[in-house]
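Enquirer: Input: one structure, supplied below.
The values are calculated or read from the model by the stated rules, or taken from the named source; none is laboratory data. Quick caveat: nothing in here was measured; it's all calculated off a predicted structure. Cβ atoms come from the backbone with ideal geometry, glycine included; neighbour counts cover every protein chain shown.
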């Protein structure tokens, strides 16, 4: 599938298409308790811009047919977002990702089975490959947990915002239960914090694929890079304890930053 970053002046696209291989126990899955009822299934598909990629070509040649195909296959896809690297590192193999949000893994798998066997989808994929191509065999799938509504710190403008993702491993002897305790502390703090600039939201992602490199990703979302920096500065002034507890539970790599936007499905 292809995904797209859209704003008034910029558009990024991505597409996902693959099937998960077998069931496995996810180390992070115990966060999906009744304390965290907002549980989703998220997929990130790496994509590259082709030689004919432009915002106009994507908008006119790729997006309308993708929207029509979603209707044709009766897709249960909830929403889609495009994310584009702020800074692409040497090890990055993609220009960006298409982020797909489903209610459940079962719905995602059933939808991909239909998508992958549809002749019109195949033709569309081939016809648009030189505008945008995506590595459907190597999508990244996650159980996703959101502890609070996205609009508690103000309403997002979904057509253009900033995402921050942090890749983490549990420290020896730590697990999802310990991380959940840190999340509870964070929630208590956020409920009482009046001076943090918004909007702000976050998600925790437990990988639904075999890997020794990550136990979970933590994603933060801000309206702009300026808003992210303002939030971080105020956070450092107000909340050393929660961050100290976080560091006792996990070891994390440096954050990666992305331009992000909702992809219109109709």
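Enquirer: Among the candidates 133, 141, which residue alone is in a strand (DSSP E or B), touching a residue at least 60 places away in the same chain (Cβ under 8 Å) and over 18 Å from the mean Cα position of the chain (by Cα)?
Expert: 133
Enquirer: For residue 189, only one of the following conditions fails: (1) in contact with a helix residue (DSSP H, G or I) (Cβ under 6 Å, 6 or more places away or on another chain); (2) assigned to a helix (DSSP H, G or I); (3) surrounded by 16 or more Cβ atoms within 10 Å (Cβ to Cβ). What is its number?
Expert: Of everything listed in (1) in contact with a helix residue (DSSP H, G or I) (Cβ under 6 Å, 6 or more places away or on another chain); (2) assigned to a helix (DSSP H, G or I); (3) surrounded by 16 or more Cβ atoms within 10 Å (Cβ to Cβ), residue 189 misses just condition (3).
Enquirer: To continue, here is another question. What is the number of the single condition among (1) surrounded by fewer than 19 Cβ atoms within 10 Å (Cβ to Cβ); (2) within 19 Å of residue 262 (Cα to Cα); (3) in contact with a strand residue (DSSP E or B) (Cβ under 6 Å, 6 or more places away or on another chain) that residue 144 does not meet?
Expert: That leaves (1) as the condition not met.
Quick grid of which residues meet (1) in contact with a strand residue (DSSP E or B) (Cβ under 8 Å, 6 or more places away or on another chain); (2) part of a strand (DSSP E or B); (3) modelled with pLDDT of 90 or more:
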{"position": "157", "(1), (2), (3)": "no, no, yes"}
{"position": "164", "(1), (2), (3)": "yes, yes, yes"}
{"position": "172", "(1), (2), (3)": "no, no, yes"}
{"position": "179", "(1), (2), (3)": "yes, no, yes"}
{"position": "185", "(1), (2), (3)": "no, no, no"}
{"position": "203", "(1), (2), (3)": "yes, yes, yes"}
{"position": "209", "(1), (2), (3)": "yes, no, no"}
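Enquirer: Can you pull out the residues in region 78-109 that are closer than 21 Å to residue 42 by Cα and without any contact (Cβ under 8 Å) to a residue 24 or more places away in the chain?
Expert: Within region 78-109, 92, 106 meet the criteria.
Enquirer: For region 39-92, give me each residue that is under 17 Å from residue 107 (Cβ atoms) and surrounded by fewer than 13 Cβ atoms within 10 Å (Cβ to Cβ).
Expert: Scanning region 39-92 gives 71, 74.
Enquirer: Go through region 221-258 and count every residue that is touching a strand residue (DSSP E or B) at 6+ places or on another chain (Cβ under 8 Å), under 19 Å from residue 155 (Cβ atoms) and either surrounded by fewer than 18 Cβ atoms within 10 Å (Cβ to Cβ) or touching a residue at least 40 places away in the same chain (Cβ under 8 Å) (or both).
Expert: Summing the residues that are touching a strand residue (DSSP E or B) at 6+ places or on another chain (Cβ under 8 Å), under 19 Å from residue 155 (Cβ atoms) and either surrounded by fewer than 18 Cβ atoms within 10 Å (Cβ to Cβ) or touching a residue at least 40 places away in the same chain (Cβ under 8 Å) (or both) in region 221-258 gives 7.
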